[in-house]
């Protein structure tokens, strides 16, 4: 199975060198959730570390909004190509992957949340191949990924980052 971030690069390799793609996760489940920000719990109670996390998340949120803005596509393609040292063709494929509804890394609607359905789909695929064999058979994944303070999905840093960025953008627009 070959999935992002290597899918786009694999599609432009000469046929004789191209790996055999047996299947793609996005061909079986839709949507797919492929990334998350992971923070240790103690960082949330440390003011210095929390400030760094909020600034990082604000930057990621700003990048997310930028990438999702169709008027910025040309600049995004150029930046992807230069940053990753890719051809224009591969940069376009990477952009398509990042902005696609089923595999994308952008937060549609600007809410910057984890796709619950995407995450449950990834869990189902991993479970099918024994990825959680050490857990009890009655483990409740839906409850485990329910957002909440101190939970696996905790939006407290995201909320501070989004609020801070919105305040900054409003100030910059005046």
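General observations
- Contacts under 9 angstrom Cβ, first residue in the range 130-142 being more than 17 Å from residue 116 (Cβ to Cβ), partner assigned to a helix (DSSP H, G or I) and modelled with pLDDT of 90 or more, 6 or more apart: 132/141; 135/141
- Residue in the range 154-174 that is surrounded by the fewest Cβ atoms within 10 Å (Cβ to Cβ), counting only those that are in a loop (DSSP other than H, G, I, E, B) and out of contact with any helix residue (DSSP H, G or I) (no Cβ under 8 Å at 6 or more places or on another chain): 174
- Residue in the range 94-109 that is exposed (fewer than 12 other Cβ atoms within 10 Å of the Cβ), at pLDDT below 90 and closer than 21 Å to residue 167 by Cβ present: yes
- Top-ranked residue of the range 132-152 - restricted to ones that are in contact with a helix residue (DSSP H, G or I) (Cβ under 8 Å, 6 or more places away or on another chain) and either surrounded by 13 or more Cβ atoms within 10 Å (Cβ to Cβ) or modelled with pLDDT under 80 (or both), ranked as farthest from residue 60 (Cα to Cα): 132
- Look at (1) loosely packed, with under 15 Cβ neighbours inside 10 Å; (2) under 21 Å from the mean Cα position of the chain (by Cα) and you find that residue 128 fails only one, number (2).
- Restricting the range 41-82 to residues that are within 13 Å of residue 156 (Cα to Cα) and surrounded by fewer than 12 Cβ atoms within 10 Å (Cβ to Cβ), the residue that is modelled with the highest pLDDT is 51.
The values are calculated or read from the model by the stated rules, or taken from the named source; none is laboratory data. Computed from a predicted structure; not experimentally measured. When we count neighbours, we look across all protein chains shown, and the Cβ atoms used for this are built from the backbone with ideal geometry, even at glycine.
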